[in-house]
Each structure stands twice: as structure tokens, then as C-alpha cells.
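The block underneath contains the structure these notes are about, expressed in C-alpha cells.
The values are calculated or read from the model by the stated rules, or taken from the named source; none is laboratory data. Owing to the predicted nature of the structure, the values given are computational and were not obtained by experimental measurement. Methodologically, a virtual Cβ is constructed for each residue, glycine included, from the backbone with ideal geometry; neighbour enumeration extends over all protein chains shown.
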Amino acid sequence: MSMPSETIETHTLSVLVDNESGVLARVVGLFSGRGYNIESLTVAEVDTRSRLSRITLVTSGTPMIIEQIKAQLGRLVPVHTVRDLTVEGPMVSRELALIKVAGTGERRVESLRIADIFRARVVDSTNDSFVFEIVGKTGKVEAFIKLMEPLGLVDISRTGVAAIARGSEGL
Amino acid sequence: MSAETMPGAKMVLKALSEQGVDVIFGYPGGAVLPIYDELFQQNQIRHVLVRHEQAAVHAAEGYARSTGKVGCVLVTSGPGSTNAVTGLTDALMDSIPVVCLTGQVATHLIGNDAFQEADTTGITRPCTKHNYLVKRLDDLSRVIHEAFYVARSGRPGPVVVDLPKDILLGKGTYVPMNRVGKHRTYQPQMKGDLKAIETAVAHMAAARRPLFYVGGGVINSGPAACQLLTQFVRTTGFPLTSTLMGLGAYPGSDPQSLGMVGMHGTYEANLAMHDCDVMICIGARFDDRVTGRLDAFSPGSTKIHVDIDPSSINKNVAVDVPIIGDVAHVLEDMMKVWKATQARPEKAAMESWWKQIATWRKRDCLAYKTTDKIIKPQFAIQRLYEATRDRETYITTEVGQHQMWAAQFYTFEHPNRWMTSGGLGTMGYGYPAAMGVQMAHPEALVVDIAGEASFMMNMQEIATCVQYKLPVKAFILNNEYMGMVRQWQELLHGGRYSESHSTALPDFVKLADSFGAHGIMVDDPAKLDEAIAEMIAIDKPVLMDVRVDPAENCFPMIPSGRAHNEMLLGPEDAGDDAISDDGRMLV
């Protein structure tokens, strides 16, 4: 029997749950109680008729830990399905960030120019500040934030990752 | 519509009756008074008044493990539910089906720090299989039916239903069990994947040094699973070892049984685990007490793992052939495939494997020095076994040295006769658990093999046993120490016995007297049999104070951080370097 791999992998999981009181606490408690990582977590009701919520989780660990996380999630009673989008074929993942940058003069112009390159929108403006809205993969959002740092970055609010499999199949 | 309207509290009892509950272990309080009032007005369900809520859960565990049914607990809000937490965690770790009803303050008071309010669902979320807070009367009966379904299905476990007082008092319509539809999400897989089973059988047929490693999952699967296991193991001719939780799933005295595996398992079982080439793990979970040092655990074997809980698979040990399913279902299919493929392991290989096992057995690893001056704890359990083996006997234990000696020296031929706290290691488990067993089996002999320190953790339950005329026998191996703590201090901490001496012990005979139970003290090996006979003969709760050798240690032992082939067989092996620095870090 070969020794299991020790490399740390990052996986995006999609979890369909009953939208009932305490369900998020169960998921989060599972991660803290067993020492798993949560890199990003988003949740919202996606089916109001059958009261289902979809949780998108980005987590990291060895392949054995990732498998364990999926099994542990799967045995929570209000969980319908657990899908590993990272291994189940191509997916689309996006997050949205609101980024406040304050400054005047050349720095202000430069921030606007970079925002244009990243296709970020200005959603609030004062004489000495902008709030940019950017949508994209985590890497793009992070690259944008990095470029804003020297230009007067004041505040960041990110939604975390929402993801979905490509193609016609549903969860 | 013939639907009846009734108060929530009445619905609760109606649902319990429909679920086959005949006994509840509980303790009243403000929030659950409406249920107690309904209990008073009916005769179907018996209530056992415990003296502490922890004991109520252990009693329900004892009831559940000895019957295969779901145990039921009723406690009040706040301290009632927090006191139950240890029992719930115990049931979770050992996969015992229990439904625990907890009272709660009225819904409009929740979150107000009301009197006897606790966030019960928050506190019990990590220590239950699932929990519910009933906020609408319309949900009440469905939730209770669902709680029983979740508790007993798949890998069993404890379920809490938190019941606000206004829900218990309000009137609503009862929904009968057969009107509650199939569960939306929780549908454990019962049948194993046939391809995987075929692969497993192929590995078994080609094995040269096979070994069955079985656990509590076989017992949880039911008596049919235990029978199938026995048939299958006999058909294959393979050796078998059991975890602490699995004792009794396969007849302990059978020549194919190597006894218990793990930290205090037998030499032959542990070496067979280490050296086997095909390991068939059935309903066990590769617990750290079983595996020892993980990177040296059974290095050369192909591992087959049958478990109903997918999260048990590849958790600690990577396995080659995982089979998710109920033990009875999988064994049935395995047996079919075994017969259909006319699997015949190579005769010469099997003979030499059994020869190897015979040489390990010859080491007689459970041997201890007897004396006629002082009672050896092992000897006490052997004598208890001889005196009780031919009758219907149920054994519970507390946690520590006595527990391991009980596992080593009491032989279990049948499932559901052995109740012990394995996963959580809860001192104080055995006496209330024995109460629960005795409630379920009034005519049977129920013995709690205890240590004096553990016994004192829940000895208030003597009153319960006296009140309900439960003739539970507490067989206390009194060495005046927390023996396992003392043993570890001896092996790991230079013999500095920090706080492990049982100072200021009560006189157990007088203690029994004061409760109206019967007390016996014995300190002479020659009088032990007579004392045991007296204990069995008396139709009353008995506290038997067996004064045993305080210096005795529990061997064999795989020290923490060591592999199966690095066992300490006796005091002569336990030198200063017996445990590595890494091992000291482990529990």
C-alpha cells in the first residue's frame, strides 16, 4: 500500500442543504471542531419553494483530508448533496469585491485607469475617493487589490467564492 | 377528519409509544413539567427517576446496547441538558442510539437569559448525531418520529429534541408515525457495492496471512450480522480479532478468535495485525487505541474496510477496498460471492499462518503472578467469569485498568452482553449503564465491573437501583488508586503519583447499608468465590468491595507512539525507555 499523498490541495465544494435554523452552524462547527480550513464560504437560499440553500466552500488539505471533509459534510442530516467542483470537471467561479480607494491627483487618476483595465466599475465617488466593484476569479480580485494598495486602499469587502459546474448538468 | 387535538406534552408521549419506547430515564424540572404531568396520567411508559442527568443518558445507553432498541432520556432545560452532555458525547463516540428530550424555556423567552435557559441545540450540536429545536407545534410529532429514525439508522447515535415549554402546553394535531414520509436527505446506504465486494473476496481468497478485524459496527448491525459474521469466519477458516467495542460479535472462546486487539490487546492479535497480508475490517474505525503508531500500522497488508459511515473510511488509515454498507447486508453478499467463486485460500499458507499464531499464543501474554496473600484483579474477574458464565449475564464497566482486565479476562460468547465506554472513556459510565440494562432484562444478572474511583463518579445512582429494586451488582476492584493514571505515572512520569491515590474512600459496605443496598467486602483470595456467590444470590443491589493488589499493572501494553510489534508484555519490559518522547505527547 503506497503512503497517501501529503500535498496540500485547494478544492471548491458545493453543498446543497435544507435552509433551516442552525444549518450553517453545523457546517462551520464541523470545520472548526475537526480542524479543517475554510478559505472562503458563501451561502444563500437558491430554491425558495423547497427551501434549499447552496453553500460554496473553498477548503484546503491533503487528499485524505479533502475526502474526509466531503464524507463528514455528507453525513450531516440536513445536507442533500456534496459536490467537489474541483475534481468533477470544469467550473466557473466568481467573487465580487467592493474596494474603497481614497486619494487625489495622480494617484486618483491611476486607480481609475487600472480599474478600467480590470473592468471594475465605480459604484460610489466623492472628491477624494472611489468605491470600485470588481467581479472575477479570486486571483483577479487579489491582483486588483494589490495594485490598489499603493494608490490609497482604505477598505475591502469581499463576498467569497460562488461557483458552478460548466455544462448543462445541475447539482 | 378524525385527527385529534391534544397538548404538545401528550403528543410527545404518544409519539414515544408509537416508537416502541417502554422506559424513559429522566429527571423532572420546570420546563418539562407538562410532560411529567402527562406521564403521571398514563401507564404505558415507565419512568426511571435517576439522581443525575448524566446517569440518565448512560442508563439509556445501557438499555440500547443490551436490547438493540433506541434508549430514551427526558431532562429539563439548562442544567438538565448541560448535565446530559457527557452522556450524549459518550453515545456519539460509541454509536449508541439514544433520543434525549430536553425541556426549554418558552419560545418567546429564548435568548433572554431566562431562568434555567441554556442554548441546548448550540451546546449539543457537536456531541449529537443531530438535534432539533421545536419552534412550531405543527412540527412536534414529525420531529420526534424523525429523531428516532435518525438515531437508529445508518451509524446510530444520540439525537436531542429541545422542547420549549409553550410548545408542550399548546394544543395541536398529532401526526402518526406512518404519516411521516420518507426522510428528505438522510438515507444511509445499506447494500455494499457488489464490484467492491467481489474485489474483497478475491483478495481474501488469495490471502496467505488473512485476519478479520471486527468492531462495534457488527453489533450495531444486529444479531443477524453477528451470526453471519460467525458463519463467514468459520467458512473461511481465518483468524479474527476484535476491538473493545466488538467483543461478543464473535464467540470469544472460539479457537479462531485471537482476543482483543490494540493497546491492551493480546500479543497474538497485535502481531497478527502487524504481520497479516489481508486485513478484513468490519464495523471498526481504526481508532488510535487499535492502530498504535500509524506509520508502522500493519505495513504489508491489503486493507478491506466495511463500514456504514463513509467518514470512517480513509480517516486514519488509507484502505485499498472500501465498502460502504450495513454489515449484515455486506456479509450476506460476501458469503454469496465466496461460495459462488468457490474461493479456497491456499492450504499450506493457511497452515503456516496458524502455526505462527500458535507460537504467539504460546507466549501466554495474559499470564500474571498469582498469590494466596492478596487478590489479583485479573483473578477476581476470572472467578467472576467462572461463576457467571453459564447464566444470562450482562457486564458493564467503568473506565481504567479494571475495564481492560474485564475485556481481557471475561469471555463474551454473545453480542449485546458487554457495555463499556470505548471512545470517550467515561468514568462513571458503568453503574448507570447497568441500571439501564437491568431495566431491560429484569431477570438477568447485571454486573458493573468497576474501579473504586470510577464508581464514585456516579454512585448517587445506588438510590435509583434501590428505588426500582434493580439488583445491579457493582463489582468494585478496589486498588485505592485511579489505576490507569497510576500506571501511566509509573511508566511515564518517574513514579510520581500526582493526585491519583483514592484518599478518603468510603466504607463501601456501610455506604450500601445507608442506601438500603447490600454491601460485601472481601480481601482474601480464599474467600472470593464465596463472596461472589453471595453477591449473585442476593436479590438486591449489591456493592462488592474487592480489595485488590494496588500495585498491579495492566499488560500487555503497546505504549503510546509504538507499533504493534513493540508490545510490553509485563513489568520486566517496562523500563525507563519504554515510551519515546513522541509517545509522551499522545494520550
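Exactly one residue among B:413, B:452 is of a type in the set (Asp, Glu) and surrounded by fewer than 24 Cβ atoms within 10 Å (Cβ to Cβ), and that residue is B:413.
Among the residues in the range B:358-378, are any part of a helix (DSSP H, G or I), hydrophobic (A, V, I, L, M, F, W, C) and crowded, with 20+ Cβ neighbours inside 10 Å? No, the range B:358-378 has no match at all. For the range B:179-222, the set of residues classified as touching a residue at least 24 places away in the same chain (Cβ under 8 Å), assigned to a loop (DSSP other than H, G, I, E, B) and within 14 Å of another protein chain (Cβ to nearest Cβ) consists of B:183, B:186, B:188, B:189, listed by residue number. Scanning the range B:129-146 for residues that are aliphatic (A, V, I, L, M) and facing another protein chain (nearest Cβ under 10 Å) yields a count of 1. Restricting the search to strands (runs of 3 or more DSSP E) fully inside the range B:1-81 and requiring at least 1 residues that are over 20 Å from the mean Cα position of the chain (by Cα) and among the β-branched types (Val, Ile, Thr) gives B:5-7, B:46-49, B:71-75.
Out of curiosity, is residue B:344 more than 15 Å from residue B:198 (Cα to Cα), among the basic types (Lys, Arg) and away from chain A (no Cβ under 12 Å)? So residue B:344 does not fit the description; no. Of all the criteria given as (1) under 27 Å from the mean Cα position of the chain (by Cα); (2) assigned to a helix (DSSP H, G or I); (3) crowded, with 23+ Cβ neighbours inside 10 Å, the one not satisfied by residue B:122 is (3). Out of the residues in the range B:147-178 meeting the condition of being aromatic (Phe, Trp, Tyr) and within 19 Å of residue B:98 (Cβ to Cβ), tell me which one is nearest to the other protein chains (Cβ to nearest Cβ). Within the range B:147-178, the match that is nearest to the other protein chains (Cβ to nearest Cβ) is B:149. Of the residues screened, residue B:166 is one that is of a type in the set (Asp, Glu), within 30 Å of residue B:5 (Cα to Cα) and either crowded, with 23+ Cβ neighbours inside 10 Å or touching a residue at least 40 places away in the same chain (Cβ under 8 Å) (or both).
In the range B:126-150, of all residues being over 26 Å from residue B:37 (Cα atoms) and among the hydrophobic types (A, V, I, L, M, F, W, C), the one that is surrounded by the fewest Cβ atoms within 10 Å (Cβ to Cβ) corresponds to B:127. Say we look at the range B:249-277 and pick out the residues that are in contact with a Cys (Cβ under 8 Å, 6 or more places away or on another chain) and closer than 18 Å to residue B:228 by Cβ; which of these is surrounded by the fewest Cβ atoms within 10 Å (Cβ to Cβ)? Looking at the filtered set, the residue picked out is B:250. Filtering the range A:125-143 for residues that are in a helix (DSSP H, G or I) and of a type in the set (Ser, Thr, Tyr) leaves a non-empty set.
Of the residues making up the range A:49-59, those that are closer than 16 Å to residue B:184 by Cα and either of a type in the set (Ser, Thr, Tyr) or not assigned by TED's automatic domain parsing to the domain that holds residue A:19 (or both) are A:50, A:53.
The set of residues in the range B:280-328 that are over 27 Å from residue B:557 (Cα atoms) and within 8 Å of chain A (Cβ to nearest Cβ) comprises B:309, B:310, B:311, B:320.
For the range B:134-148, check the following and say yes or no: at least one residue is in contact with a Lys or Arg (Cβ under 8 Å, 6 or more places away or on another chain), among the small types (Gly, Ala, Ser) and not assigned by TED's automatic domain parsing to the domain that holds residue B:308. The answer is yes; a qualifying residue exists. Would you pick out the residues in the range B:117-128 that are in contact with a helix residue (DSSP H, G or I) (Cβ under 6 Å, 6 or more places away or on another chain) and more than 13 Å from every other protein chain (Cβ to nearest Cβ)? Of everything in the range B:117-128, just one residue is in contact with a helix residue (DSSP H, G or I) (Cβ under 6 Å, 6 or more places away or on another chain) and more than 13 Å from every other protein chain (Cβ to nearest Cβ), namely B:118.
Among the conditions (1) within 21 Å of the chain's Cα centre (by Cα); (2) within 14 Å of another protein chain (Cβ to nearest Cβ); (3) part of a loop (DSSP other than H, G, I, E, B), residue B:111 misses just one, which is (1).
Within the range B:325-357, the set of residues being buried (at least 16 other Cβ atoms within 10 Å of the Cβ) and at pLDDT below 95 comprises B:343, B:345.
Of all residues in the range A:132-153, those that are surrounded by 17 or more Cβ atoms within 10 Å (Cβ to Cβ) have Cβ atoms under 6 Å from Cβ atoms of residues that are of a type in the set (S, T, N, Q), 6 or more apart or on another chain, in A:151/A:111. Scoring residue B:111 on the criteria (1) over 13 Å from residue A:26 (Cβ atoms); (2) touching a residue at least 40 places away in the same chain (Cβ under 8 Å) leaves a single failure, condition (2). Say whether the condition of being of a type in the set (D, E, K, R) and closer than 24 Å to residue A:61 by Cα is met by at least one residue in the range A:109-132. No, the range A:109-132 has no match at all. Does residue B:181 satisfy the criteria of being buried (at least 20 other Cβ atoms within 10 Å of the Cβ) and of a type outside the set (S, T, N, Q)? No.
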